[in-house]
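Single-structure report; data block below.
The values are calculated or read from the model by the stated rules, or taken from the named source; none is laboratory data. If you're wondering where the values come from, they're calculated on a predicted model, not measured in any experiment. Reconstructed Cβ throughout: ideal geometry from the backbone, glycine too, with neighbour counts over all protein chains shown. Keep in mind that these areas ignore ligands, DNA and RNA; they rest on the heavy atoms of the full protein, side chains included. Shrake-Rupley method; radii C 1.70, N 1.55, O 1.52, S 1.80 Å.
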Amino acid sequence: MTVVGGGVVGLTAALALAGAGHRVWCVREVPAAGTVSAVAGGLWFPYHVEPRDRVVAWGLVSLARLTGLAADPTSGVALRDGLLVERAGPDRWWTEGVTGWRDARPGELPEGAASGVVARLPLVSMPVHLAWLEQACVAAGVELADGRVEDLDELEDDVVVLATGLATPRLLPEVEVSAARGQVALLANPGLERWFVDAGADAGLTYVLPHPGWVVCGGTDDPGEDEAPDPDVHGEIVARCRAAVPALRDAEVLGSRVGLRPVAPAVDLRLREVRGRAVVTDVGHGGAGVTLSWGCADEVVALVAGLG
Ligand SMILES: Cc1cc2nc3c(=O)[nH]c(=O)nc-3n(C[C@H](O)[C@H](O)[C@H](O)COP(=O)(O)OP(=O)(O)OC[C@H]3O[C@@H](n4cnc5c(N)ncnc54)[C@H](O)[C@@H]3O)c2cc1C
């Protein structure tokens, strides 16, 4: 069968399908290192994605897989403690089934914050993890190919998985997905281990996600498709992350990146029949593609198994 897309969603689906015994051809216009997935900060956290009940179920599958992968240093996954600030009071829907978290103590919170959660969660260094996924796919027998699919009719397989993110409507116009632009700054890591997320800060969305060697500092989340980093916005992101995490004050600025989150009214993970072909869409993961990747991949396998 064919998987179209080589970001985190396509690669995990391809790997899961190969693991279930399928012969898989994975074709992607842009290899993993150039995708939106490579820009992601890599925290396991269901941000800007719907619907909550399915997100919780997919997220728990991924949480278990990523927690297991943290034992393998080549996977790019680490378990790290950090603080999620809740400006408007507790909002804990995402903790269903999640262990390893507690209420933040008042002294741990920034000024003006009502509450917060301290949790140990997977933090995924995306460039490393995507390279690991590509290698794991090859080792599992997935054939990775470069190429842009212009039309589903050019594919030979009867079963196609579309993990094409924001570009999906070009192949299947009925799929609703739009871009939520995210700009981040990359700083050298001065030795930080704890992550920090303050989505409701007055100064704007603020997050600090430390990886070995670099820190992903965010960010923005606005409608728009401009992939060029805005230098003014870059300066603002660096300033508010340094204010939130003073250890970053003297950290060297390494660069600036933009990624377009593929946001949908609800993650579009379903089986359709399209001109005689079985098409499974796995699209619209918004700000949570890493968080949901493995759970969605397992559901792709289940949908394909249902074809008999
Ligand atoms: C700034 C930022 C921070 C983020 N932080 C996090 C985070 O901390 N945690 C988290 O879980 N998520 C995070 N996300 C969200 C996450 O990055 C996305 O949800 C995820 O990358 C979507 O993955 P994808 O594989 O669907 O899409 P993509 O990574 O965009 O991959 C799509 C693939 O499909 C291919 N493709 C498309 N059309 C065609 C075609 N016609 N023919 C062939 N190939 C095609 C592309 O070339 C590419 O290989 C963040 C996003 C941004 C922008």
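Here are the numbers for the structure shown:
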{"read-out": "Whether segment 51-194 is rounded, prolate or oblate, judged on the alpha carbon gyration tensor where a/c under 1.5 counts as rounded", "value": "prolate"}
{"read-out": "Whole-angstrom gap from segment 282-304 to segment 38-115, using each part's C-alpha centre", "value": "17"}
{"read-out": "Accessible-area composition of segment 165-209, carbon plus sulfur, in percent [1.4 Å probe]", "value": "51"}
{"read-out": "Charge dipole magnitude, Cβ of K and R +1, D and E -1 - the chain, Cα centre, debye nearest 20", "value": "840"}
{"read-out": "Between helix 126-139 and the chain: long-axis angle, C-alpha atoms, 0 to 90°, nearest 10", "value": "30"}
{"read-out": "For q = 0.08, 0.11 Å⁻¹, Debye-computed log10 I/I(0) when each Cα of the chain counts as one equal scatterer", "value": "-0.34, -0.64"}
{"read-out": "Evaluated at q = 0.17, 0.19, 0.20, 0.28 Å⁻¹: base-10 log I(q)/I(0), Debye formula over Cα of segment 268-308", "value": "-0.47, -0.57, -0.61, -0.96"}
{"read-out": "Difference of contour (0.36 nm per residue) and Cα-Cα distance, LEU307 to GLU108", "value": "66.5 nm"}
{"read-out": "Where the Cα pairs of segment 202-248 fall when distances are cut into 5 Å bins, in %", "value": "5, 19, 30, 25, 15, 6, 1"}
{"read-out": "Cβ-derived FRET efficiency at R0 41 Å, ALA247 paired with GLU174, nearest 0.05", "value": "0.30"}
{"read-out": "Distance between modelled label sites at ALA20 and ASP226, nm, 7 Å Cα→Cβ extension", "value": "4.2"}
{"read-out": "Rg and Dmax of segment 218-308, Cα atoms only, in Å", "value": "19.2, 59"}
{"read-out": "Whole-number percent relative contact order across the chain, with pairs defined as alpha carbons under 8 Å at least 6 apart", "value": "27"}
{"read-out": "Helix-only mean residue ellipticity at 222 nm for the chain, each DSSP H run of n ≥ 4 adding -39500 (n - 2.57), per residue, nearest 500", "value": "-8500 deg cm²/dmol"}
